[in-house]
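These notes concern the structure reproduced below.
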Amino acid sequence: MSLLKIRNLTVKFATAAGAFTAVDGIDVSVDKHEVLAIVGESGSGKSVSMLAVMGLLPDTATITADEMTFEGRDLLNMSAPERRKLIGREITMIFQEPIASLNPSFTVGFQIEEVLRLNLGMSKSQARARAIELFKAVGIPEPETKIDAYPHQMSGGQCQRVMIAIAIASKPRLLIADEPTTALDVTIQKQILDLLMDLQEEYGMGLILITHDMGVVAETADRVVVQYKGKKMEEADVLDLFENPKNPYTRALLSALPENATGDRLPTVSDFMAQENAQ
Ligand SMILES: Nc1ncnc2c1ncn2[C@@H]1O[C@H](COP(=O)(O)OP(=O)(O)OP(=O)(O)O)[C@@H](O)[C@H]1O
Ligand SMILES: [Mg+2]
């Protein structure tokens, strides 16, 4: 049985200009121990589709699907208390804006301890000890001191590690990481990805990694879903996708990799699509 299975997910937003379809009939599934990458350019509906899984879209969103299940349990029709037991515990998400996701007014320790107390029912002292352990696990230096820092007193990479620590605190079965490394410089990106992959293996988690970076996909994913304007263009095992991309949009993404660059600037996806359309 798939860990997460989504069939024909559509998300429409009510806007002043009428209904806007951000996700248009997407199928996604991920198994235990599997790393699924979702790729596609900005605005292709990657975040919105996963926020729909988390139940975190605003009221202006209308979500429909033929199926949205987690280990066979129906996410769309389960009661609110039942869903609250799953989300944030068995399914967690690292959000796209790590620094904005942390509250600047509270120490990072307070924020992770709150999750441990509320979601896992730990006492204050248990939560503190576990938070320090988690900070160690995600490679935050001097965790005993850093736990009392405010987000602005930490680097971007350290804030991202705090977000990862919060996301893995409950040993989730599925972790959704939305562009977890985009805001970071290249060496830190590599460290954070390595950390995520180590944790994924150690906990046997399913991991959905949202990225626009095909280099990251090549290094991490088992399987890839390519999204464009709210639709799934292609889905393939990672090696097949790189060796034999079937969809023009996938070829466009791959041709935008630096090693495929020709001329004096990198081709963009729009260049490539224009070329395909002209043929
Ligand atoms: N709350 C909202 N109300 C209306 N439209 C929205 C809302 N949230 C997202 N959208 C629109 O839905 C589309 C998909 O957005 P989404 O954030 O999923 O893109 P994305 O693929 O994650 O892009 P990026 O790579 O930039 O993160 C975009 O056109 C976006 O403007
Ligand atoms: Mg996004």
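Filter the range 66-78 down to residues that are without any contact (Cβ under 8 Å) to a residue 40 or more places away in the chain and in a strand (DSSP E or B) and give me whichever is nearest to Gly25 (Cα to Cα).
Looking at the filtered set, the residue picked out is Asp74.
When residues of the range 32-44 are filtered for being surrounded by fewer than 16 Cβ atoms within 10 Å (Cβ to Cβ) and more than 8 Å from ligand 1 (Cβ to nearest atom), how many remain?
2
Pull up the range 179-204, narrow it to residues that are among the β-branched types (Val, Ile, Thr) and within 16 Å of ligand 1 (Cβ to nearest atom), then point me to the one that is nearest to Lys32 (Cα to Cα).
Thr181
Can you name the number of the only condition in (1) at pLDDT 70 or above; (2) touching a Ser or Thr at 6+ places or on another chain (Cβ under 9 Å); (3) more than 16 Å from ligand 2 (Cβ to nearest atom) that Pro267 fails?
(1)
If a residue must be farther than 11 Å from Asp24 by Cα, near ligand 1 (Cβ under 10 Å from one of its atoms) and part of a loop (DSSP other than H, G, I, E, B), how many such residues does the range 45-65 contain?
Final tally of qualifying residues: 4.
Looking at the range 132-150 only, could you name the residues that are in a helix (DSSP H, G or I) and over 19 Å from Leu196 (Cβ atoms)?
Ile132, Glu144, Thr145, Lys146
Looking at Arg73 and the list (1) assigned by TED's automatic domain parsing to the domain that holds Ile208; (2) touching a Cys at 6+ places or on another chain (Cβ under 9 Å), which single condition is not satisfied?
Against the list (1) assigned by TED's automatic domain parsing to the domain that holds Ile208; (2) touching a Cys at 6+ places or on another chain (Cβ under 9 Å), Arg73 comes up short only on (2).
Hey, can you tell me all the residues within the range 1-30 that are in contact with a Gly (Cβ under 6 Å, 6 or more places away or on another chain) and either closer than 14 Å to Ile208 by Cβ or away from ligand 1 (no atom under 16 Å from the Cβ) (or both)?
Within the range 1-30, Met1, Leu3, Asn8, Val30 meet the criteria.
Here are some residues: Phe106, Phe95. Which one is of a type in the set (Phe, Trp, Tyr), surrounded by 16 or more Cβ atoms within 10 Å (Cβ to Cβ) and in contact (Cβ under 8 Å) with a residue 40 or more places away in the chain?
Phe95
Is there a residue being among the charged types (D, E, K, R), modelled with pLDDT under 95 and within 16 Å of ligand 2 (Cβ to nearest atom) anywhere in the range 29-46?
Scanning the range 29-46 turns up at least one residue that is among the charged types (D, E, K, R), modelled with pLDDT under 95 and within 16 Å of ligand 2 (Cβ to nearest atom).
Pairs please, first residue from the range 113-138 and in the same structural domain as Asn103 (by TED's automatic domain parsing), second anywhere and acidic (Asp, Glu), Cβ atoms under 7 Å, 6+ apart in sequence or on different chains.
Partner pairs satisfying both residue conditions: Ala127/Glu113; Arg128/Glu113; Ala131/Glu113; Ile132/Glu144.
Is there a residue in the range 101-109 that is outside any loop (DSSP other than H, G, I, E, B) and within 17 Å of Ala177 (Cβ to Cβ)?
yes
The values are calculated or read from the model by the stated rules, or taken from the named source; none is laboratory data. The shown structure was predicted, so the numbers you read here are calculated from the model rather than taken from an experiment. Neighbour counts run over all protein chains shown; Cβ positions are idealised from the backbone, glycine included.
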